[in-house]
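Only one structure is covered here, and it is reproduced in the block below.
The values are calculated or read from the model by the stated rules, or taken from the named source; none is laboratory data. Predicted, not measured: the structure shown is a model, and the values here were computed from it. A quick note on method: Cβ atoms are made from the backbone with ideal geometry, for glycine too, and the neighbour counts reach across all protein chains shown.
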Amino acid sequence: MTPQDYADYKLIDYDLAVEAIRARTSVKPKVGLILGSGLGTLAERIEQADYIPYNEIPRFPQSEVVGHRNRFVAGLLEGVPVLAMQGRIHYYEGYSMQAVTFPIRVMQRIGIRTLIVTNAAGGLNPSFEAGDLMLITDHINFMGMAGIHPLVGRNDPNLGERFPDMSDAYDPHLCQVARQVAQAQGIRLREGVYIGLSGPSFETPAEVRMLQRLGADAVGMSTVGEVTVARHGGIRVVGFSGITNMLVKGEQQGQEVSHEEVLSIGRDVIAPKLELMVRGVLQALRA
Ligand code: HPA
């Protein structure tokens, strides 16, 4: 299959994928979890877990990026039935934005009402440090503004409305819950705006300056399309960026970045904090 094969999905495609997942698990997930680069270990903590490889789900796109496992994990986390994506699909792999966000539609159709989204991101806000965790309070869908938008095309009213509101893309109540969890756990939780670009090249120093002026605190290559589709589908969202590297140090731009660094900081420094945050949010959702 080539990426183009995934360009035109219909309701039936989502529902066939849901059927395939239901055939593999009796879990009825209420919360979706997307685990970004280097942050996938949390999926290993899911109890009574069923593993569903993406390649066993009809029309499901596959990720070839190192650090992504290409499977759903369905089970219980803090007693809440969850469906976790251990690895996501990226636009830079050559898939359409509809393919990148196919998993979100599947989550919507399977009955998920809350999405916890995570990613690895580069730090633009000079007060941040590598290893920080950032609560995403808002995003800039930079790719979407350039026309690379998952909702371009015919709108199916069974999935959502033509012109979805994005004023509360990141649920204010869940943001408040996240702040309380961070305080209770002694985690320094940063906050800010995430800007989503296509990648896959990292940013030039001039681009870093531009992104800062646009009002972004962190930059990455995912999330904005997924969150847009989730909101279109009436799913509420809470999001965390793991700041794996800083793109600025003081006045200085042009910090070198590597995918290996992104993965190792994510795994060693950010994943443990993220686990506490996700568990705390799930406890609040269960209560
Ligand atoms: N830029 C874009 N995406 C990223 C970065 C970065 O510096 N770090 C992790 N994901």
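The single residue among GLY40, GLY32 that is touching a Ser or Thr at 6+ places or on another chain (Cβ under 8 Å) and either crowded, with 24+ Cβ neighbours inside 10 Å or among the aromatic types (Phe, Trp, Tyr) (or both) turns out to be GLY32.
Exactly one residue out of ILE89, ILE34, ILE21 is modelled with pLDDT of 95 or more and within 16 Å of the ligand (Cβ to nearest atom): that is ILE34. If you go through segment 121-177 and keep only what is within 22 Å of LEU214 (Cβ to Cβ) and of a type in the set (Gly, Ala, Ser), you end up with ALA121, GLY122, GLY123, SER127, ALA130, GLY144, ALA146, GLY147, SER167, ALA169.
Would you call ALA271 within 15 Å of the ligand (Cβ to nearest atom) and of a type in the set (A, V, I, L, M)? Here the answer is yes, as ALA271 does meet what is asked. The residues of segment 151-209 that are within 16 Å of the ligand (Cβ to nearest atom) and surrounded by fewer than 13 Cβ atoms within 10 Å (Cβ to Cβ), listed by number, are PRO200, SER201, THR204, ALA206. Tell me whether segment 231-246 contains one or more residues that are touching a strand residue (DSSP E or B) at 6+ places or on another chain (Cβ under 8 Å), part of a helix (DSSP H, G or I) and not hydroxyl-bearing (Ser, Thr, Tyr). Yes. Of all residue pairs spaced 6 or more apart or on separate chains, none has beta-carbon atoms under 9 Å together with a first member in segment 153-172 that is touching a residue at least 12 places away in the same chain (Cβ under 8 Å) and a second member that is of a type in the set (Ser, Thr, Tyr) and assigned to a loop (DSSP other than H, G, I, E, B).
For first residues located in segment 133-149 and of a type in the set (Phe, Trp, Tyr), partners that are in a strand (DSSP E or B) and lie 6+ apart or on another chain with Cβ distances below 7 Å form the pairs PHE142/ILE195; PHE142/GLY196. Could we say that THR101 is more than 16 Å from the ligand (Cβ to nearest atom), buried (at least 24 other Cβ atoms within 10 Å of the Cβ), touching a residue at least 12 places away in the same chain (Cβ under 8 Å) and not small (Gly, Ala, Ser) here? Judged against the criteria, THR101 is a match. Within segment 244-265, being under 15 Å from PHE128 (Cα atoms) and either within 10 Å of the ligand (Cβ to nearest atom) or modelled with pLDDT of 85 or more (or both) holds for THR244, ASN245, MET246, LEU247, VAL248, GLN255, ILE265. Residues of segment 233-241 include none that is in contact with a Leu (Cβ under 6 Å, 6 or more places away or on another chain) and either free of Cβ contacts under 8 Å to residues at least 12 places away in the same chain or over 27 Å from ARG113 (Cβ atoms) (or both). For SER222, the conditions (1) in a loop (DSSP other than H, G, I, E, B); (2) within 14 Å of the chain's Cα centre (by Cα); (3) more than 14 Å from the ligand (Cβ to nearest atom) all hold with the exception of (3).
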